Amino acid sequence: MIIDTHTHFYDPTRPQGCPWPGSDNELLYRTVLPHHCNELAGPEGVTGTVVVEASAWLDDNQWILDLAAEDPFIVGLVGHIDPNRPEFGAELARFANHELFCGIRCGGSYLDNLEEGSFLADMKLLADNDLELDLIFNYQQFDGAFKLAEKIPELRIVINHIAHVPINGAAPDPIWVEQINKAGQYPQIYMKVSALMEQSALQPAPAELDYYRPTLDAMWNAFGEDRLVYGSNWPVSDRSGKYARGINIVKAYFGEKGEEATEKYFWKNAKAAYKWVSR
């Protein structure tokens, strides 16, 4: 079993269109739906996906859930609901009880001042609903994530896209290594090994495992086998290489760690972080 915890679906041909990607994006501006992903991911052993928000429109949370009602390939949704607003609680209540709604994603700007407005109260509400928080930020912003984890220890946090560390085949930035080692000390923080190819300094991204090994080793050393999670970042990953190339890199790496570590990486850790639903 493999659960891909980072895909994006959207349809520019809807009457309302979509807020992202823009029509000037020749690669990504196309209809991207679950069956398109399954055509690529299914042959690689992927059995389901947790969709991550690609739209700031509140109603598009429901649009994804409606897609899921028609396609069991979707096993969860990380939605988009902006915190730090009076409307947050009511908007969260609209989706929180849906079995496929796993949590929300926020950008790093919220970490710059945790005490501002209602952010902490909103994150507490997220945790009280047994929902998780995906965070997408640069690794210079880890301190805010640590403070959030300390203030709300019951909140599960999933770092997206390996915190955007550049990959060049050599040892990764020691600042990033120091920060992820700190992150590994918080049992509720998970690292999503997504956008691996997109972080490559060489494009199209190399297919050889050894090019990524120093970065993967650093994450393994920091988080161990229980808190690393698979995600492709498809279709954005198409910028760097085919779906099969991306998953084969991590299949090779975790295959070296043994069957149990492979199962944890590809679905068990995601179950703990997201509480996705078997369908």
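Points to keep in mind about this one:
- Residue pairs whose Cβ atoms lie under 8 Å apart, sitting 6 or more positions apart in sequence or on different chains, and linking a residue in the stretch 185-213 that is touching a residue at least 60 places away in the same chain (Cβ under 8 Å) to a partner that is of a type in the set (Asp, Glu), are Lys192/Asp134.
- Of the set (1) in contact with a strand residue (DSSP E or B) (Cβ under 6 Å, 6 or more places away or on another chain); (2) closer than 20 Å to Ser278 by Cβ; (3) surrounded by 15 or more Cβ atoms within 10 Å (Cβ to Cβ), all apply to Leu65 but (1).
- Selection count where residues are in a loop (DSSP other than H, G, I, E, B) and either β-branched (Val, Ile, Thr) or surrounded by 20 or more Cβ atoms within 10 Å (Cβ to Cβ) (or both), scope the stretch 165-175: 2
- Given (1) surrounded by 15 or more Cβ atoms within 10 Å (Cβ to Cβ); (2) farther than 20 Å from Ala41 by Cβ; (3) of a type in the set (D, E, K, R), index of the condition Glu178 fails: (1)
- Some residue of the stretch 43-63 being touching a residue at least 40 places away in the same chain (Cβ under 8 Å), in a loop (DSSP other than H, G, I, E, B), over 28 Å from Gly117 (Cβ atoms) and not polar (S, T, N, Q): yes
- Taking the criterion of being touching an Asp or Glu at 6+ places or on another chain (Cβ under 6 Å) and part of a loop (DSSP other than H, G, I, E, B), the residues of the stretch 136-164 that qualify are Arg156, Asn160.
- Members of the stretch 216-268 found to be buried (at least 20 other Cβ atoms within 10 Å of the Cβ) and assigned to a loop (DSSP other than H, G, I, E, B), listed by number: Arg227, Gly231, Ser232, Asn233, Pro235, Ser240, Gly241
- Tally of residues being small (Gly, Ala, Ser) and surrounded by fewer than 20 Cβ atoms within 10 Å (Cβ to Cβ) across the stretch 185-212: 2
- Scan the stretch 33-44 for residues that are touching a strand residue (DSSP E or B) at 6+ places or on another chain (Cβ under 9 Å), surrounded by fewer than 21 Cβ atoms within 10 Å (Cβ to Cβ) and more than 12 Å from Tyr243 (Cα to Cα) and the total you get is 1.
- Annotation note: Cβ proximity below 6 Å between a residue of the stretch 155-172 that is in contact (Cβ under 8 Å) with a residue 24 or more places away in the chain and at positive phi and a residue that is in a loop (DSSP other than H, G, I, E, B) and crowded, with 22+ Cβ neighbours inside 10 Å (sequence gap 6+ or interchain) occurs for His161/Ser194; His161/Ala195.
A quick yes/no check of all residues on (1) among the aromatic types (Phe, Trp, Tyr); (2) touching a strand residue (DSSP E or B) at 6+ places or on another chain (Cβ under 9 Å):
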position	(1), (2)
Ala207	no, no
Asp210	no, no
Thr215	no, yes
Trp220	yes, yes
Val229	no, yes
Trp234	yes, yes
Lys242	no, no
Val250	no, yes
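- When residues of the stretch 64-92 are limited to those that are among the small types (Gly, Ala, Ser) and in contact (Cβ under 8 Å) with a residue 24 or more places away in the chain, the one farthest from Leu135 (Cα to Cα): Ala68
- A search for C-beta distances below 9 Å between a residue of the stretch 121-133 that is under 13 Å from Pro83 (Cβ atoms) and of a type in the set (Lys, Arg) and any residue that is at pLDDT 95 or above and surrounded by fewer than 18 Cβ atoms within 10 Å (Cβ to Cβ), counting only pairs 6+ apart in sequence or on different chains, returns Lys124/Lys151; Lys124/Glu154.
The values are calculated or read from the model by the stated rules, or taken from the named source; none is laboratory data. All values reported here derive from a predicted model rather than from experimental measurement. Neighbour counts run over all protein chains shown; Cβ positions are idealised from the backbone, glycine included.
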